[in-house]
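Single-structure report; data block below.
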2 protein chains.
Amino acid sequence: MLIGELARQTGCEVETIRYYEREGLLSAPQRSASGYRRYTAEQLGELNFILHCRSLGMSLADIRNLAAFKADHQHDCEDINQLIDQQIAKVHQQVEALRLLEQQLLALRDKCHDSRAAADCGILQTLVEASEGAPCVCHTPFGQDNHGHSQDYDHAAKKNGRSNKDRP
Amino acid sequence: MLIGELARQTGCEVETIRYYEREGLLSAPQRSASGYRRYTAEQLGELNFILHCRSLGMSLADIRNLAAFKADHQHDCEDINQLIDQQIAKVHQQVEALRLLEQQLLALRDKCHDSRAAADCGILQTLVEASEGAPCVCHTPFGQDNHGHSQDYDHAAKKNGRSNKDRP
DNA sequence: CTTGACCCTGTAGTGACTACAGGGTGTGCA
DNA sequence: TGCACACCCTGTAGTCACTACAGGGTCAAG
């Protein structure tokens, strides 16, 4: 099977497949006389494994590790469990950070519901005052006196990633 | 004030400040005879505004827009409200996607609690079977018969971002 | 013989930084 | 005066997981 067929069967883009090969995640396939990649069912499984792990939010480095464990049948699976535990912890932290963020944004949003001039906008005023050192509604949503900003916000929200599906 | 002092006062790294200037978010400061950047209190406020917005998860592009609205006092603040609404929607989506992810990982984790050989590890087995087309516990956590993987997972978790705080 | 779909390599772009290299400046101290 | 050392400068390249081209080659059908 050629790379385009593999792409169709897995829903993975051709260029992503080549990228995984370059990164050493996917084993290099045999080549036809003209240099075309020829994939087997085994490699289809390999790619599906990678995609499944990716859909669980694992990094390519994690997947590389997992694949190594998979190849080494005698390896103590405690390492696998740990990898999943770390992934759970990471995702859990992100959920918590983002939930806090959502609360902060909602508190900020509550500062203005009208259509006024920017100069009178409660949201903008709140943001400007916060930048001048005032305690801000968005970072003190529950009346706490916390100076500075949330310490454990880890920029999880900075990537507004999109899947293949919601692209036009 | 020199750039190092501004960095200390804001908790922002020197190189990030220069980056914001390059990106046009922070106005270019005056320079000393030897070319050193000299910042005023106004620019301190400007940077704090940016950092505050960043801590709310806004992109630099959003912050650029917001700063433009801020400068144009007569601008209808409906645009500001909309920007915050979009940010809330984005964060909310990410929270939902990550919560689903967490459930999936927990379901997977439940497949193995022992210390066995990798060949017998329930987690690994589940992942391998899933890559062979079997319905997987992690992507059918509630007994549904959903083929393929979660459609609205938007790679929110793929950036395992770290803040300044948790670096060694 | 041409068309058009497919394949190849290699490079550059994304976002929001971060990390250097290789140099210049400013201040304090011996 | 010489030197150490902290600070500053520009410019470039790296991070992650792709994505998008450019510029070319291959292959089957009509």
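The values are calculated or read from the model by the stated rules, or taken from the named source; none is laboratory data. What you are looking at is a predicted structure, and each value in this text was computed from that prediction instead of being measured. Ideal geometry is used to build each Cβ from the backbone, glycine not excepted, and the neighbour counts take in all protein chains shown. Just so you know, the surface numbers come from the protein's heavy atoms only, side chains and all, with ligands and any DNA or RNA stripped out. Shrake-Rupley method; radii C 1.70, N 1.55, O 1.52, S 1.80 Å.
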Does B:ALA119 meet the test of being more than 9 Å from chain A (Cβ to nearest Cβ) and either open to solvent by less than 70 Å² (accessible area, probe 1.4 Å) or modelled with pLDDT of 90 or more (or both)?
-> no
Given the conditions (1) open to solvent by 10 Å² or more (accessible area, probe 1.4 Å); (2) more than 16 Å from DNA strand D (Cβ to nearest atom), report the number of the one that A:CYS77 does not fulfil.
-> (1)
Residue count, segment A:25-37, condition open to solvent by 100 Å² or more (accessible area, probe 1.4 Å) and either outside the structural domain of A:ILE50 (by TED's automatic domain parsing) or within 10 Å of DNA strand D (Cβ to nearest atom) (or both), comes to 2
Out of (1) open to solvent by less than 50 Å² (accessible area, probe 1.4 Å); (2) out of contact with any Gly (no Cβ under 7 Å at 6 or more places or on another chain); (3) more than 9 Å from chain B (Cβ to nearest Cβ), the odd one out for A:ARG22 is which?
-> (1)
Hey, among the residues in segment A:51-63 that are open to solvent by 10 Å² or more (accessible area, probe 1.4 Å) and more than 7 Å from every other protein chain (Cβ to nearest Cβ), which one's nearest to A:ILE17 (Cα to Cα)?
-> A:LEU51
Quickly run through segment A:1-19 and pick out the residues that are open to solvent by less than 50 Å² (accessible area, probe 1.4 Å) and hydroxyl-bearing (Ser, Thr, Tyr).
-> A:THR10, A:THR16
Failed condition for B:LYS111, given (1) open to solvent by less than 20 Å² (accessible area, probe 1.4 Å); (2) touching a residue at least 12 places away in the same chain (Cβ under 8 Å); (3) out of contact with any Phe, Trp or Tyr (no Cβ under 8 Å at 6 or more places or on another chain), with all others met?
-> (1)
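This table checks each residue for (1) open to solvent by 20 Å² or more (accessible area, probe 1.4 Å); (2) outside the structural domain of A:ARG18 (by TED's automatic domain parsing).
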{"site": "A:ASN65", "(1), (2)": "yes, no"}
{"site": "A:LEU83", "(1), (2)": "no, yes"}
{"site": "A:GLN87", "(1), (2)": "no, yes"}
{"site": "A:VAL95", "(1), (2)": "no, yes"}
{"site": "A:ARG99", "(1), (2)": "yes, yes"}
{"site": "A:LEU105", "(1), (2)": "no, yes"}
Give the residues of segment B:38-50 that are more than 17 Å from A:GLY133 (Cα to Cα) and open to solvent by 50 Å² or more (accessible area, probe 1.4 Å), sorted by residue number.
-> B:ARG38
Would you tally the residues in segment B:1-21 being in contact with a Phe, Trp or Tyr (Cβ under 7 Å, 6 or more places away or on another chain) and either within 11 Å of DNA strand C (Cβ to nearest atom) or aromatic (Phe, Trp, Tyr) (or both)?
-> 1
Selection count, segment A:16-37, where residues are of a type in the set (S, T, N, Q) and under 19 Å from B:SER131 (Cα atoms) = 2
